[in-house]
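Undergrad: What follows is a structure written as structure tokens; I'll ask about it next.
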Amino acid sequence: MKSLKFFGLGSVMALLLVSGCKPKGTETAVTGDAAERVYVAPGKYDEYYNFVSGGFNGQVNVYGLPSGRLLKVLPVFSQNPENGYGYSEETKPMLETSHGFIPWDDQHHLSLSQTNGEVDGRWLFANANNTPRVARLDLKTFKTVEILEIPNSAGNHSSPFLTENTEYVVAGTRFAVPTDDQSGDVPIESFKSNFKGVLSFIGIDKQSGEMDLSFQIEAPGINFDLSHAGKKKSGDWFFFSCYNSEKANTLLEVNASQNDKDFIMAVNWKKAAELVKAGKGRKVTTEYAHNKFDESTHTATSTMKKEVIVLSVEDMKDAMFMIPCPKSPHGCDVDPTGEYIVGSGKLAALIPVFSFDKMIKAIADKNFAGEFDGVKVIKYEAALHGEVQKPGLGPLHTEFDGKGNAYTSMFVSSEVVKWNIKDLKVLDRQPTFYSVGHLMIPGGDSAKPFGKYLVAYNKITKDRYLPTGPELAQSAQLYDISGDKMKLLLDFPTFGEPHYAQALPGDMLKDQVKFFRIEDNKHPYATKGEAESKVVREGNKVHVYMTSIRSHFAPDNIEGIRVGDEVYFHVTNLEQDWDIPHGFAIKGAQNAELLIMPGETCTLKWMPKKPGMYPMYCTDFCSALHQEMQGYVRVSPAGSNTPLIYSLNNKKDNAQSPVKAGETK
Amino acid sequence: MKTIHSIAAAFLALGLVSCGGDKKTDSVPTASTETTATAESSGTNAYDPKRGIGKHENVDVSTFDPAMAAEGRKLAEVKCTSCHKPTEEKLVGPGWKGVTQRQTPEWIMNFITNPDPMIDVDPELQKQLELCLVRMPNQGLNDTEARQILEYMREIDGAK
């Protein structure tokens with residue numbers, strides 16, 4: 001009762017605070033039927049899959065829209081103890097880099113593969129910001145199947161954005177850095193001479209989706225923030241927003257905000273690819289990891305690559321241009337027609353919209369204002385379609401509804417502003433709670449948006465949910481944009497901090513893998529059937545070929561393990577029915593558990609530190625007899641000669657199971 | 001879902017115990033709701049305990065095919081023998097010895113390719129569930145594989 005009163009008072013105070021200094025009107029903004037419109041009955045599917053960046057937890061989170069229900073957390077750049085990703089022997093290679101094994105990253109942006117500028121439901125690309133990497137997820141299995149490290153870069157922020165037929169995924173560096181073949185051991189004072197801003201173009205195989213770092217462009221040493229490829233008539237071009245054209249290297253919040261305008265850099269990627277084909281560019285020696293997950297062996301491999309081709313500003317003189325853009329542009333978004341490029345000067349009180357046709361004409365007419373580090377600068381007015389005046393404070397990102405409207409997030413004034421792309425008039429504005437970053441309309445950065453919903457991803461969430469100490473979940477807010485005015489329908493908590501997101505209609509993903517066919521399991525340590533279960537000693541390595549099925553392991557008891565042994569539990573889940581994973585955990589394991597999907601084989605390495613009896617069990621409640629799914633491993637002191645034996649739970653009266661001798665190689 | 005399955009199984013078992021074998025299926029929604037609904041809509045009375053639920057009818061067992069039985073045995077060792085012995089001995093599930101005398105070929109083929117909906121309504125399977133407490137997992141068998149396993153079961157029972 002006391003706590004209820006306290007909460008009541010707390011809410012009143014919170015409301016007072018809200019009405020005092022935060023955006024007004026959420027309550028009135030929610031119409032009476034909002035709950036009904038986001039309600040998805042048990043057993044019914046959502047309309048959309050919403051893939052949301054996991055921010056600093058390094059993963060990708062999948063929500064259903066309009067319900068806002070969390071469907072899955074997909075591990076990409078961080079180890080995940082829930083299923084052993086990055087802990088199991090098969091998945092450890094996914095997190096290898098030229099810096100060694102890296103168990104974490106900061107995941108910012110996502111891009112769905114496209115065909116003819118429309119989302120096609122094949123792959124999802126994700127970037128790692130901290131140790132630059134790009135990942136590819138297969139949407140048949142929702143698994144991370146490939147991770148490519150990006151050399152000559154730091155802060156892989158303007159990434160991973162795709163061309164309209166998924167020819168290339170781009171990775172522009174946020175930090176200008178000395179390239180890998182130049183020593184980075186230089187004074188910071190030498191910033192202007194030694195530091196470069198490298199843009200990477202990763203080619204994607206049309207059929208397999210496999211990535212290959214095709215070439216890089218060594219651009220001036222400024223910071224690249226975000227990017228988008230053109231589409232249709234502008235399809236050969238990529239656009240990058242740049243900040244710190246001052247090339248400052250200290251107190252950037254003052255020193256990088258001196259110039260009235262920074263740039264949007266336009267790069268003709270098709271011409272760049274042709275230059276590389278013609279033999280331009282220098283070969284730079286470097287090191288970067290290429291990690292691939294093979295779905296037939298359920299195993300990842302990591303390869304270190306040694307070289308990359310880098311084009312210089314000089315090579316790119318007819319294929320790379322700067323467009324001045326008001327103050328520190330953040331978002332750089334191309335409308336569905338491919339004609340308009342929206343820059344969001346986050347410190348500017350207006351939104352500049354550029355015209356692709358005008359840009360091309362300005363280049364043809366040599367309508368330049370000068371050069372920036374050898375890159376021609378197009379005159380601002382020559383490329384400008386127009387400016388949205390007084391849209392709000394702190395414009396960050398723009399998405400499109402396919403009906404001629406743009407929606408821009410306003411970080412400082414915490415609102416979403418809808419405006420008309422042609423006449424640049426503001427049509428509507430709705431508050432967010434609070435400090436909105438990215439926006440997402442399903443297909444909203446493609447040539448075919450599904451303009452029904454818009455989601456705002458907020459960086460602060462005060463006063464939205466029950467208090468949870470000093471740290472709160474961040475929030476996403478769902479708006480109905482089917483009418484003239486935006487309507488807030490729902491907000492739901494997210495993992496912090498949500499950056500960009502992508503979404504597609506659920507019925508686009510019809511060919512989901514439901515289980516792995518045991519016949520197709522090519523894992524070298526697969527156990528296809530309980531009769532093949534065995535324990536093999538190879539020196540101090542012990543390989544356990546183990547099976548799991550409702551509701552037992554085979555073998556379920558093992559003796560003869562010694563301190564100093566490296567024990568590999570290769571567990572094959574024999575189930576052939578979907579959503580019947582089995583778990584595997586053993587006392588004293590210093591990594592994690594395994595969660596093995598039907599038909600899959602996963603390996604947990606275990607190194608017991610002291611003699612004793614170690615129980616192991618299934619972690620995932622699999623049947624009424626789940627609690628019985630367990631066994632023991634006996635560990636003897638180093639050097640002891642306890643015979644290696646194991647029992648199979650295959651006798652009617654198994655009070656004392658039959659035992660088999662383990663093999664020794 | 002799997003939790004719900006096992007809860008459903010537990011409920012079912014409880015139902016059987018407390019209501020003395022009431023044949024009405026439980027209404028806990030599961031992923032197999034649709035198939036359950038089909039079974040229910042056709043009415044439990046319409047259930048043919050000799051044929052089961054599935055597409056198999058009139059399975060021809062007039063001759064024995066040893067090659068097929070050999071394939072069936074290989075398959076069984078991957079997918080079945082973790083839980084079933086070729087003898088009468090119960091492991092996780094019942095032993096296979098005698099199954100082809102107790103059940104029709106159609107019933108066996110339907111059950112091993114479509115276990116969930118049949119467990120929900122078949123009186124024999126409900127009795128077995130009460131004993132074993134584990135619902136037989138769907139092993140994703142295609143029609144040929146199911147027929148091969150049936151042939152192996154017939155071999156166990158002495159078909160020549």
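Undergrad: Could you state the per residue volume, in Å³, of the convex hull enclosing the Cα atoms of segment A:511-611?
TA: Here the figure is 102 Å³ per residue.
Undergrad: Could you pull the accessible area for A:D294 with a 1.4 Å probe, rounded to 10 Å²?
TA: Estimated to the nearest 10 Å², A:D294 gives 70 Å².
Undergrad: Taking N as the number of residues in segment A:251-315, what value does Rg over Cα atoms divided by 2.2 N^0.38 Å take? List each step's numbers first, then the result.
TA: On the way: Rg = 19.2 Å, N = 65, 2.2 N^0.38 = 10.7 Å.
It is 1.78.
Undergrad: Which of the GluC sites (Glu not before Pro) found in segment A:287-351 are loop residues per DSSP with 14 or fewer other Cβ atoms within 10 Å of their Cβ? Don't skip to the answer; put the middle values down first.
TA: Working: sites: A:E287, A:E295, A:E307, A:E314, A:E339; in loops: A:E295, A:E314, A:E339.
Passing sites in segment A:287-351 are A:E314.
Undergrad: Kindly work out what percent of the DSSP beta bridges joining two residues of the protein assembly as shown are antiparallel, to the nearest 5. Don't skip to the end; give the middle numbers.
TA: Working: 166 of 185 bridges.
Beta bridges within the protein assembly as shown, antiparallel portion: roughly 90 percent.
Undergrad: Over segment A:537-665, consider all pairs of different Cα atoms and compute the Kirkwood hydrodynamic radius from their mean reciprocal separation; express it in Å, one decimal.
TA: Across segment A:537-665, the inverse of the average 1/r is 14.8 Å.
Undergrad: Something else about it: Put A:I586, B:I53, A:I460 in order of accessible area, largest first, 1.4 Å probe: what do you get?
TA: Largest accessible area first, the list is A:I460, B:I53, A:I586.
Undergrad: Oh, and also: Charges on Cβ only, +1 for Lys and Arg, -1 for Asp and Glu, centred on the Cα centroid of segment A:281-325; of A:V313, A:V284, A:T301, which one is farthest towards the dipole's positive end?
TA: Value computed over the given set: A:V284.
Undergrad: For segment A:444-492, go through all pairs of different Cα atoms, get the mean of 1/r, take its inverse, and jot down that Kirkwood value in Å.
TA: On the way: mean 1/r = 0.0804 Å⁻¹.
Across segment A:444-492, the inverse of the average 1/r is 12.4 Å.
Undergrad: To continue, here is another question. Give me the one-decimal Kirkwood hydrodynamic radius in Å for segment A:436-517, with the sum taken over alpha-carbon pairs.
TA: Taking every pair of different Cα atoms in segment A:436-517, averaging 1/r and inverting gives 14.5 Å.
Undergrad: Averaged over A:576-583, how many beta carbons belonging to a partner chain fall within 10 Å of each residue's beta carbon?
TA: Numbers: counts 7, 10, 5, 4, 5, 1, 1, 0.
Mean shielding by partner chains, rounded to a whole number: 4.
Undergrad: Hey, if you put +1 on the Cβ of every Lys and Arg and -1 on every Asp and Glu Cβ in segment A:557-596, which of A:G560, A:L595, A:P581 ends up farthest toward the positive end of that dipole?
TA: About the Cα centre, the residue reaching furthest to the positive side is A:G560.
Undergrad: Can I ask one more? If you place +1 on the Cβ of every Lys and Arg and -1 on the Cβ of every Asp and Glu, how big does the dipole about the Cα centre of segment A:338-430 come out, in debye to the nearest 20?
TA: Working: 12 positive and 12 negative charges, 27 e Å.
For this selection, approximately 120 debye.
Undergrad: Still on this structure, I have one more. Accessible area per residue for segment A:425-471 in Å², computed with a 1.4 Å probe and the full protein assembly in place, what is it?
TA: For segment A:425-471, the solvent-accessible area averages 40 Å² per residue.
Undergrad: Same structure, new question: What do you get for Rg/Rh of segment B:52-160 when both radii come from the Cα atoms and Rh is the Kirkwood radius?
TA: With Rg and the Kirkwood Rh in hand, the quotient comes to 0.92.
Undergrad: Taking 22 Å as the cut-off for C-alpha to C-alpha distance, list the pairs among A:K292/A:K665; A:K541/A:K610; A:K327/A:K361; A:K247/A:K271; A:K247/A:K270; B:K90/B:K160 that go past it. Write out the running numbers ahead of the final one.
TA: Details: A:K292/A:K665 30 Å; A:K541/A:K610 16 Å; A:K327/A:K361 24 Å; A:K247/A:K271 28 Å; A:K247/A:K270 29 Å; B:K90/B:K160 25 Å.
Over 22 Å Cα-Cα: A:K292/A:K665; A:K327/A:K361; A:K247/A:K271; A:K247/A:K270; B:K90/B:K160.
Undergrad: Starting from 0 in steps of 10 Å, tell me what percent of the Cα-Cα pairs of segment A:611-652 lands in each bin.
TA: 22, 41, 27, 10, 0
Undergrad: Beta carbons within 10 angstrom, averaged per residue: use that to sort the peptides A:148-157, A:409-418, highest first. Don't jump to the answer; show the numbers that get you there.
TA: Working: A:148-157: 24.5, A:409-418: 22.2.
Packing proxy ranking, top to bottom: A:148-157, A:409-418.
Undergrad: Another question about this same structure. Out of segment A:463-559, which GluC sites (Glu not before Pro) are coil in DSSP terms and have no more than 16 other C-beta atoms within 10 Å?
TA: Taking segment A:463-559 and a limit of 16 other Cβ atoms within 10 Å, the loop GluC sites (Glu not before Pro) found are A:E471.
Undergrad: Quick one: P(r) of segment A:349-403 from all Cα-Cα pairs, 10 Å bins, percents rounded to integers, in order of increasing distance.
TA: Here the calculated profile for segment A:349-403 is 22, 39, 31, 8.
Undergrad: Please name the residues of segment A:611-630 whose accessible area, counted over protein heavy atoms with a 1.4 angstrom probe, falls by no less than 30 Å² between the chain alone and the full protein assembly.
TA: A:F621, A:A624, A:L625
Undergrad: Which net charge results for the neighbourhood of A:F515, defined as the other residues with beta-carbon distances under 11 angstrom from its beta-carbon, given Lys and Arg at +1 and Asp and Glu at -1?
TA: -3
Undergrad: How high is the relative contact order of chain A, in percent, counting Cα pairs under 8 Å that sit 6 or more residues apart?
TA: Working: 1868 pairs, mean separation 72.0, N = 665.
The value is 11 percent.
Undergrad: Sticking with this structure for a sec: Top to bottom by accessible area (1.4 Å), largest first, where do A:K522, A:K305, A:K271 land?
TA: Ranked list, largest accessible area first: A:K522, A:K271, A:K305.
Undergrad: Hey, what's the Cα Rg ratio for segment A:63-183 versus the globular rule of thumb, 2.2 N^0.38 Å?
TA: Cα-based Rg divided by the globular estimate yields 1.12.
Undergrad: While we're looking at this one, here's another question. Suppose every Lys and Arg Cβ carries +1 and every Asp and Glu Cβ carries -1, with no other charges. What dipole size does the protein assembly as shown come out with about its Cα centre, to the nearest 20 debye?
TA: Computed charge dipole of the protein assembly as shown: roughly 900 debye.
Undergrad: With point charges of +1 on the Cβ of Lys and Arg and -1 on the Cβ of Asp and Glu, referenced to the Cα centre of the protein assembly as shown, which listed residue (A:Y434, A:V536, A:V388) lies farthest in the positive direction of the dipole?
TA: A:Y434
Undergrad: Using the Karplus curve 6.51 cos²θ - 1.76 cosθ + 1.60 with θ = phi - 60°, what ³J(HN,Hα) values do you get for each residue of segment A:437-446, in whole Hz, with x for Gly and Pro?
TA: x, 7, 10, 8, 10, x, x, x, 10, 10
Undergrad: Between the alpha-carbon centers of segment A:66-95 and segment B:60-113, tell me the distance in whole angstrom.
TA: 39
Undergrad: Arranged from highest to lowest average of other beta-carbon atoms within 10 Å per residue, in what order do the peptides A:392-401, B:69-78 appear?
TA: Values: A:392-401: 24.1, B:69-78: 19.0.
Output ranking for A:392-401, B:69-78: A:392-401, B:69-78.
Undergrad: Moving to a separate point now. If I take the Cα coordinates of chain A and project them onto the principal axes, what are the three extents in Å, biggest first?
TA: Taking max minus min along each principal axis of the Cα atoms, chain A gives 87, 69, 44 Å.
Undergrad: Okay, next question. When you look at the Cβ of every residue in B:138-144, what mean number of other chain Cβ atoms sits within 10 Å? Don't jump to the answer; show the numbers that get you there.
TA: Numbers: counts 7, 8, 11, 1, 0, 0, 0.
Taking the mean over all residues of the peptide, I get 4.
Undergrad: Share of antiparallel DSSP beta bridges in segment A:361-474, in percent to the nearest 5?
TA: The antiparallel fraction comes to roughly 95 percent.
Undergrad: Where Rh denotes the Kirkwood radius from the mean inverse Cα pair distance, what is Rg over Rh for segment A:362-488?
TA: We get a ratio of 1.09 for segment A:362-488.
Undergrad: Then there is this: Per DSSP H run of at least 4 residues, take -39500 (n - 2.57); add these up for chain A, divide by its residues and hand me the 222 nm value, nearest 500 deg cm²/dmol.
TA: That calculation yields -2500 deg cm²/dmol at 222 nm.
Undergrad: Rounded to the nearest 10 Å², what accessible area does A:T144 have for a 1.4 Å probe in the complete protein model?
TA: Around 10 Å² of this residue is reachable by solvent.
Undergrad: Using only the Cα atoms of segment A:32-86, construct the convex hull and provide its projected area averaged over every direction, in square nanometres to one decimal.
TA: Averaged projected area of segment A:32-86's Cα convex hull equals 4.8 nm².
Undergrad: Peptide A:552-558: average number of partner chain Cβ atoms within 10 Å per residue?
TA: 1
Undergrad: Follow-up. For segment A:410-460, what is the convex hull volume of its Cα atoms per residue in Å³? Could the numbers behind the result be given before it?
TA: Values: hull volume 4.2 nm³, N = 51.
Convex hull of Cα atoms, per residue: 82 Å³.
Undergrad: By what distance, in whole Å, do the Cα atoms of segment A:40-119 stretch along each of the three principal axes, largest value first?
TA: Ordered largest first, segment A:40-119 gives principal extents of 44, 34, 22 Å.
Undergrad: Moving on to the next point. Using the 2.2 N^0.38 Å rule of thumb for compact globular proteins, work out how segment A:206-362 stacks up: its C-alpha Rg over that value, please.
TA: 1.21
Undergrad: Moving to a separate point now. How large is the dipole of segment A:512-567 about the Cα centre if only Lys and Arg carry +1 and Asp and Glu carry -1, each at its Cβ, rounded to the nearest 20 debye? Don't skip to the end; give the middle numbers.
TA: Numbers: 9 positive and 9 negative charges, 40 e Å.
Dipole size: approximately 200 debye.
Undergrad: Still on this structure, please answer the following. Between beta-carbons, use under 15 Å as the cut-off and find the net charge around A:Q182, counting Lys and Arg +1, Asp and Glu -1.
TA: -1
The values are calculated or read from the model by the stated rules, or taken from the named source; none is laboratory data. The model shown is predicted, which means the values in this text are computed figures rather than measured ones. Glycine also receives a Cβ, built like all others from the backbone with ideal geometry; neighbour counts cover every protein chain displayed. Just so you know, the surface numbers come from the protein's heavy atoms only, side chains and all, with ligands and any DNA or RNA stripped out. Shrake-Rupley method; radii C 1.70, N 1.55, O 1.52, S 1.80 Å.
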